[in-house]
Amino acid sequence: MAITLSGDQAIPAPPLSSRLTPAQVWGIILLAPYLLVFLAFVVYPVCYGLWLARAPENYVALYNDPIFARAAVNTLIFLVIGINIKMLIALFLSGFFAQQRTWIKWLSVIFILPWAVPSIPTILSVRFMLNPEWGVINHLIFSFTGDDGPNWLNDPTVALSMAIGVHIWKSLPFWTLILITGRLAISHDLFEAAEVDGASWWQKFRYITWPSMQTLYVTCTLLSMIWTLGDFNSVYLLTGGGPADLTHVLSTLGIRYLRLDQLSLAMASIVCAMPFVLPLVYFMMKRLSR
Amino acid sequence: MKLPGVREFSWREVATEARLLLIGIPVFLWTMIPIYHMFLFAISPKEDAFSGKLWPDHPTLHNFEIVFKQQHYFLRDFYVQFWNSTVIAASVGVLTLFIATAAAFSISRLKVPGGRMVLNLALFTYFIPAAFLAVPMYRTMGNYGLLNNHWSLILAMVTIASPYAIWVLKQASDKLPVELDEAAVMDGATTLQIFRLVYLPLMMPSLVAIGTYAVLLAWNEYLYAFLLLSNDREITLPVALGNFLAADDSPWELLMTTGFIYALPPAAVYYAFRRYMVGGLTAGAVKS
């Protein structure tokens with residue numbers, strides 16, 4: 001009897017359990033909880049969301065919504081300017097905290113506080129400091145100059161800068177910590193040799209520190225950009241997207257549409273961000289799964 | 001003549017120290033100002049807080065008393081909300097540890113077929129910004145009928161915490177020598193016995209780090225909590241803090257006091273487990 005090569009007429013496969021070793025059976029059982037979570041709370045929502053955002057009218061509506069264009073620009077400013085400033089400061093401070101001093105050790109313990117405490121109370125604290133009538137900043141301005149201070153959060157540019165500042169305040173310690181680890185991994189002999197040769201601090205940085213840290217630095221910058229796309233708190237809790245919805249970023253805009261019951265617009269705005277997010281994610285995955 | 005034991009200060013050293021201080025003092029101020037401002041409000045009566053003083057004329061613990069006795073409209077469910085935050089954070093910690101440890105063991109030690117792909121999918125989820133997943137997640141929880149139920153927030157946070165947990169634990173378990181498993185198999189240990197008696201004890205430091213990570217993530221979460229829970233007696237503390245802003249004349253001194261109380265547990269946990277966090281998490285966070 002001839003056995004055809006087509007699948008459905010081939011010899012029936014032996015039952016699954018006899019082909020797998022007991023260890024593999026356990027492997028599947030132990031992997032099952034995560035797979036269930038993944039299917040129920042990642043695959044299903046994403047597919048459902050994409051299905052909601054399928055109609056082209058959504059994208060036309062987004063294109064015609066000035067708030068969306070503004071949010072896209074704000075997001076770019078947040079990422080390109082905000083993150084690069086943050087990472088440069090982190091790189092600089094990692095050199096500072098790598099110094100062997102007792103007081104710098106203590107300062108590094110304090111420095112981590114913004115990362116260790118939840119963001120809601122601290123962001124609200126900053127928000128009140130900026131309050132034009134009762135905030136401490138305008139009180140100080142008044143007592144020194146006799147003039148009323150500006151209405152900080154009422155100017156979109158200033159408000160967005162403040163949101164970026166809050167974001168930097170919150171996440172700077174984390175990135176500094178990681179860059180310190182990178183810096184401490186550099187062999188000390190190199191610096192001693194450079195010292196003997198009379199290298200300036202810039203030469204030491206340029207020819208020793210930077211070459212050994214540049215991969216880490218670029219990885220951190222990209223990772224921070226991806227995560228900052230999801231930074232909802234810094235903007236929402238400080239400005240609430242205001243004044244006049246001019247300081248939204250994509251993550252707060254999605255929630256704004258959601259609250260206005262425009263779920264398909266919310267999903268469409270997220271889909272629009274995907275062409276930027278996915279290459280970054282792909283690049284990071286390549287890098288991390290080596 | 002030089003005296004032994006007396007350190008000589010050269011101008012160079014003094015200049016270096018001064019330069020370091022010139023960086024250190026702004027860093028200290030930058031870090032502490034928002035936190036000090038919060039603390040200042042917590043110990044100030046309302047008039048002092050609103051008059052921009054850098055130290056109150058009459059520092060008081062009265063605000064704490066109001067919070068702990070729930071003597072304000074915004075605070076009437078303070079203990080319930082604190083309890084909600086605690087239960088949700090603890091559940092997320094336990095569930096994430098369970099799911100991620102099982103998955104990491106399965107992928108790294110048992111080499112389950114398709115494990116690599118699951119790991120990549122998890123990693124992919126980890127990189128998708130959580131705020132983007134929030135919109136479809138909200139709708140999905142509605143479809144499952146879980147809105148306003150603590151399970152919605154617990155499951156959402158487990159979904160967000162697991163990918164990173166699996167990835168870190170997989171990296172850590174790859175470092176354990178294969179010979180351990182082989183020796184245990186030779187001695188007739190079953191897979192579950194290896195998991196319980198060999199694997200878990202050796203993974204303890206990473207498990208502590210990941211458990212802490214998941215608990216803090218859930219405790220600190222605002223966006224998902226405020227989307228998924230809305231009933232006053234179901235919400236967590238951060239949502240309650242956000243609700244203070246609903247009124248025009250918000251009692252900011254009470255908001256800051258509650259915020260201060262809310263910020264203390266995670267800060268304490270963070271500093272208590274810092275040793276594990278720095279080793280276990282930063283190594284995993286960025287591999288260069």
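Some notes on this structure:
- Scan of the stretch A:120-144 for residues that are under 30 Å from A:ILE180 (Cβ atoms), in contact with a Lys or Arg (Cβ under 9 Å, 6 or more places away or on another chain) and facing chain B (nearest Cβ under 7 Å), ordered by number: A:THR122
- Selection status of B:VAL14, modelled with pLDDT under 90, loosely packed, with under 13 Cβ neighbours inside 10 Å and within 30 Å of A:ALA90 (Cβ to Cβ): yes
- Taking the criterion of being more than 12 Å from every other protein chain (Cβ to nearest Cβ), in a helix (DSSP H, G or I) and of a type outside the set (A, V, I, L, M, F, W, C), the residues of the stretch A:154-170 that qualify are A:ASN154, A:PRO156, A:THR157, A:SER161, A:HIS167.
- Criterion (more than 9 Å from chain B (Cβ to nearest Cβ) and of a type in the set (A, V, I, L, M, F, W, C)) met by exactly one of A:LEU253, A:LEU229, A:LEU263: A:LEU253
- Close pairs (9 angstrom Cβ cut-off, 6 or more residues apart or separate chains): in contact (Cβ under 8 Å) with a residue 24 or more places away in the chain and over 10 Å from B:ARG139 (Cβ atoms) in the stretch A:256-274, among the charged types (D, E, K, R) and assigned to a helix (DSSP H, G or I) anywhere: A:SER264/A:GLU57
- Looking at B:ALA184, B:ALA209, B:ALA130, just one residue is more than 11 Å from chain A (Cβ to nearest Cβ) and either charged (D, E, K, R) or surrounded by 23 or more Cβ atoms within 10 Å (Cβ to Cβ) (or both), and that residue is B:ALA209.
- Which numbered condition B:LEU153 fails, given (1) surrounded by fewer than 23 Cβ atoms within 10 Å (Cβ to Cβ); (2) in a helix (DSSP H, G or I); (3) touching a helix residue (DSSP H, G or I) at 6+ places or on another chain (Cβ under 8 Å); (4) more than 7 Å from chain A (Cβ to nearest Cβ): (1)
- Members of the stretch A:202-241 found to be charged (D, E, K, R) and in a helix (DSSP H, G or I), listed by number: A:LYS204, A:ARG206
- Residue check for B:ALA183: touching a Gly at 6+ places or on another chain (Cβ under 9 Å) and in a helix (DSSP H, G or I): no
- Pairs meeting the criteria (first residue in the stretch B:169-197 and more than 15 Å from B:PHE105 (Cβ to Cβ), second residue surrounded by 13 or more Cβ atoms within 10 Å (Cβ to Cβ), beta carbons under 9 Å, at least 6 apart or on different chains) are B:ALA183/B:ALA189; B:ALA183/B:VAL198.
- Residues (more than 27 Å from the chain's Cα centre (by Cα), buried (at least 21 other Cβ atoms within 10 Å of the Cβ) and either away from every other protein chain (no Cβ under 14 Å) or hydroxyl-bearing (Ser, Thr, Tyr) (or both)) located in the stretch B:34-93: B:SER44
- Taking the conditions (1) in a helix (DSSP H, G or I); (2) away from chain A (no Cβ under 13 Å) in turn, B:LEU119 satisfies each one other than (2).
- The residues of the stretch B:236-247 that are more than 9 Å from every other protein chain (Cβ to nearest Cβ) and either modelled with pLDDT under 90 or in contact with a Gly (Cβ under 9 Å, 6 or more places away or on another chain) (or both), listed by number, are B:ASN243, B:ALA246, B:ALA247.
- Residue in the stretch A:84-104 that is hydroxyl-bearing (Ser, Thr, Tyr), touching a helix residue (DSSP H, G or I) at 6+ places or on another chain (Cβ under 6 Å), more than 8 Å from chain B (Cβ to nearest Cβ) and touching a residue at least 60 places away in the same chain (Cβ under 8 Å) present: yes
The values are calculated or read from the model by the stated rules, or taken from the named source; none is laboratory data. If you're wondering where the values come from, they're calculated on a predicted model, not measured in any experiment. When we count neighbours, we look across all protein chains shown, and the Cβ atoms used for this are built from the backbone with ideal geometry, even at glycine.
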